[in-house]
Amino acid sequence: MPTAPLICNKTVSRVSSVLNRDAKQFGKKHMFDGSEETCWNSDQGSSQWVMLEFPQPVKVSQLQIQFQGGFASQLCTLEGGRKGEELVKISDFYPEDINALQSFRTEETMLDKLKITFENSTDFFGRIIVYRLSVLGEKL
């Protein structure tokens, strides 16, 4: 199966929070802009998340995430579902507390919406910093 990036300009994204509500400097769009200079920076809190709604059904097979070391999640929960349905848990994955791009294979799941919950932040205040987020798979 060919894998391709699934996030496009028609993908709707939402996040749990933005540091100081400063979306211009720390907003969600920075996870997808391809720049190593910008990032999404959550505000403090015990559980942060990113929700993606794709413009058409997709089959997700891999996630790629680049955290800032010291502001990473040690446990991520992946949930997905179809439009109008409840999200169901797909899997957990365990990133390292490093700056490098990390890849995680997932059980191939057909969905329209995807939620990544970042738990157990390595930051004392629960902040998460993501420089890059990619979802790979197949558009259906």
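The values are calculated or read from the model by the stated rules, or taken from the named source; none is laboratory data. Because the structure is a prediction, the values reported are computed rather than measured. Heads up, the Cβs are rebuilt from the backbone with ideal geometry, glycines too, and the neighbour counts pull from every protein chain shown. All accessible areas refer to the heavy atoms of the entire protein, side chains included, with ligands and DNA or RNA removed. Shrake-Rupley method; radii C 1.70, N 1.55, O 1.52, S 1.80 Å.
Solvent-accessible surface of segment 1-87, taken per residue with a 1.4 Å probe and all protein chains present: 53 Å². The simple spin-label model puts a point 7 Å past each Cα toward its Cβ; for Ile98 and Ser35 those points are separated by 2.7 nm.
With the whole protein complex present, Arg127 retains an accessible surface near 60 Å², based on a 1.4 Å probe.
A straight chain from Ala23 to Lys10 at 0.36 nm per residue would run longer than the Cα-Cα distance by 2.8 nm.
Annotation: extensible slack from Gln64 through Ser91 equals 8.3 nm (criterion: 0.36 nm per residue apart, minus Cα-Cα distance). Across every pair of non-identical alpha carbons in segment 1-69, the mean reciprocal distance, once inverted, gives a Kirkwood radius of 13.4 Å.
Geometric descriptor of the chain, per residue, is 102 Å³ (volume of the convex hull of the Cα atoms). Rolling a 1.4 Å probe over the protein heavy atoms of the chain, with every protein chain left in place, gives an accessible area that is 47 percent carbon and sulfur. Compared with the alpha-carbon gap, the fully stretched path from Ser47 to Leu140 is longer by 30.4 nm at 0.36 nm per residue.
Mean residue ellipticity at 222 nm, helices only, the chain: -500 deg cm²/dmol; runs of at least 4 DSSP H residues each add -39,500 (n - 2.57), and the sum is divided by the number of residues.
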